[in-house]
Each structure stands twice: as structure tokens, then as C-alpha cells.
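The values are calculated or read from the model by the stated rules, or taken from the named source; none is laboratory data. Here the structure is a predicted model, which means the values were calculated and not measured. Reconstructed Cβ throughout: ideal geometry from the backbone, glycine too, with neighbour counts over all protein chains shown.
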Ligand code: HEC
């Protein structure tokens, strides 16, 4: 190998590394710092597509506000089955914090039968609606707590993609009422039991 060849080879390698570094920087523009959850995607104009696969995530709890305990008109008369993406749950178990990138899904399920062989009660009926909240310090840097809230509707067929709601319509209530970082963890026994205890 001649000295000239060797130095031009070295230059090409340096150029390749340079290009690689550049494309890494371009691809790695701010938002990719926040971990992405599989099944959770945005349209190019920033709408959230209906998440897929969340029924296999970690189930954290099911609040229920039935009509008959709310003068016949609860604003959410359904069961609210709440799920958290598995990677963020693993982080929560270690730290008790909702990491950047956390996705919470709340699936609404109608209160169906009122009686079963086990007795009178509320038994789950059909799927009715879907909401989600996402913490993302890059994408939602201007939202309170960096959380954005999405509602796909309370009646099937659900919307395929939706824009985020205003902070006044969602964040505000979560900010004041939720026990932990905008999440109503006080109503999710799985989260209460999973956070590390102070020693
Ligand atoms: C009046 C207060 C209030 C408002 C307004 C509100 N929420 Fe909630 N949200 C709650 C409560 C309380 C819970 C937990 C218990 C439950 O599901 O009823 C909850 C739970 C959730 C959860 C499950 C994760 C969590 O943070 O606990 C999601 C997702 C959610 N809400 C989405 C929304 C969206 C989307 C909007 C706006 C369209 C919204 N919320 C507006 C009170 C509110």
C-alpha cells in the first residue's frame, strides 16, 4: 500500500465517519431523546394515531363512576381500565417516577349487567371509548408537566387520529387532583404497590 493510497483511504474513512456522525445528528434531533413506545405513533402534523397493542401493557387499575351514584349523569359512567406502557412501568418500579416518554391509556368500558351468579353489582359491558396521556419533554415542552392529553371519543367507531386537547380541558384537573405527576396514581393499586418504598 502506498503512502498516498493509505492517506486517501484514511481521508475516506474520516469522511464516512463524518457523514455517519452528521446523519446521526440529523436523525437524533431533539425529539428522539425521548424513548418511543411501540404502537404509539404520530401523524406528520402531530396528531396521535389510535394506539395499538395497549391491552397487552401493564394494567394498573379500573375506577368506576356509575350514573346511579352521580344523580343519573356521571360525566364518565363507564369503567375506566387504565394501562401503562411496560418500559415506563419498569422504570416506575425502580424509581417511583413517570419517565419521559410514559404513555398512559384509559379505555372506557360500559357498565353492563347488574346481576350475575355471584350477586348484584356492576359487570363490564362493551368497549366504549379511549383516551391517552403522554409525557414528552421534547414534543410537549409547552404543556403543563410536559403531559399531553388525547381523546379518541366515547362512542364506537373511535376516531383514527386526534389532535391534543387544550391544557385547560385536561391538564388543569390532572394537575390539581392527581397524586403523582399528573397521574391519578392514588386510584391505581398496581402503581401504589409497585413504587419503591422509602427505606
Ligand atoms: C374533572 C377532572 C378531570 C378532567 C377535566 C380530565 N380528567 Fe382525566 N382523569 C381524571 C380522574 C379523576 C382520573 C382517574 C380516575 C378515573 O379514571 O376516573 C383520570 C384519569 C385519566 C387517564 C388515566 C391516567 C391518569 O392520568 O390517571 C387518562 C389517560 C385521562 N384521564 C385522560 C384525560 C383526557 C384526555 C382529558 C381531557 C379530554 C381528561 N383526562 C380530563 C380527572 C379528569
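See the values below:
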quantity: Residue count, the stretch 119-138 (criterion: under 26 Å from residue 38 (Cα atoms) and in contact (Cβ under 8 Å) with a residue 40 or more places away in the chain); calculated: 10
quantity: Selection status of residue 139, away from the ligand (no atom under 13 Å from the Cβ), at pLDDT 95 or above and crowded, with 18+ Cβ neighbours inside 10 Å; calculated: yes
quantity: The lone exception for residue 158 - which of (1) near the ligand (Cβ under 9 Å from one of its atoms); (2) in contact with a strand residue (DSSP E or B) (Cβ under 6 Å, 6 or more places away or on another chain) it fails; calculated: (1)
quantity: Scope the stretch 174-199; condition near the ligand (Cβ under 9 Å from one of its atoms) and over 16 Å from residue 104 (Cα atoms); matching residues; calculated: 176, 177
quantity: Options 92, 149; residue that is crowded, with 21+ Cβ neighbours inside 10 Å and more than 16 Å from residue 41 (Cα to Cα); calculated: 92
quantity: Among residues of the stretch 75-114, those that are closer than 23 Å to residue 157 by Cβ, in contact with a helix residue (DSSP H, G or I) (Cβ under 8 Å, 6 or more places away or on another chain) and in a loop (DSSP other than H, G, I, E, B), counted; calculated: 1
quantity: Residue match in the stretch 122-136 (condition: surrounded by 14 or more Cβ atoms within 10 Å (Cβ to Cβ), assigned to a helix (DSSP H, G or I) and within 13 Å of the ligand (Cβ to nearest atom)); calculated: no
quantity: Test result for residue 106, within 9 Å of the ligand (Cβ to nearest atom) and under 23 Å from residue 56 (Cα atoms); calculated: yes
